[in-house]
């Protein structure tokens, strides 16, 4: 149960980190099909957290909301200018790493 709460907290934090950094920058056209390394890492880490949370009993109703927020935020990030994507994903990765360490 403690592990599930930690995973749900970190997954929720990831969604929040996406939203906070994506809202801070105005959407702009980017180079198509270019995903910065830090964004790819962030997306993969959050997908892994969701996969871990899905293994925990009783999380499915919450996960649908979290997945929806993550997908919306991912789209917003990918609409940003490339430099802003990189900065936003770096900030979200830092927040995610900090919170993961605090929940361990």
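Compute the Cα gyration tensor for segment 37-102, then decide on rounded, prolate or oblate, letting a ≥ b ≥ c be the square roots of its eigenvalues: rounded whenever a/c is under 1.5, prolate when a/b is larger than b/c in the other cases, and oblate in all that remain. Oblate.
Descending by average beta-carbon neighbour count within 10 Å, the peptides 53-59, 83-89, 69-75 line up as 83-89, 69-75, 53-59, the highest first. Considering only alpha-carbon pairs that sit under 8 angstrom and 6 or more positions apart, the relative contact order computed for segment 37-102 is 48 percent.
Throughout, read-outs are computed from the coordinates displayed, never taken from laboratory work. These numbers come from a predicted model, not from an experiment. Backbone-built Cβ (ideal geometry, glycine too); neighbour counts: all protein chains shown.
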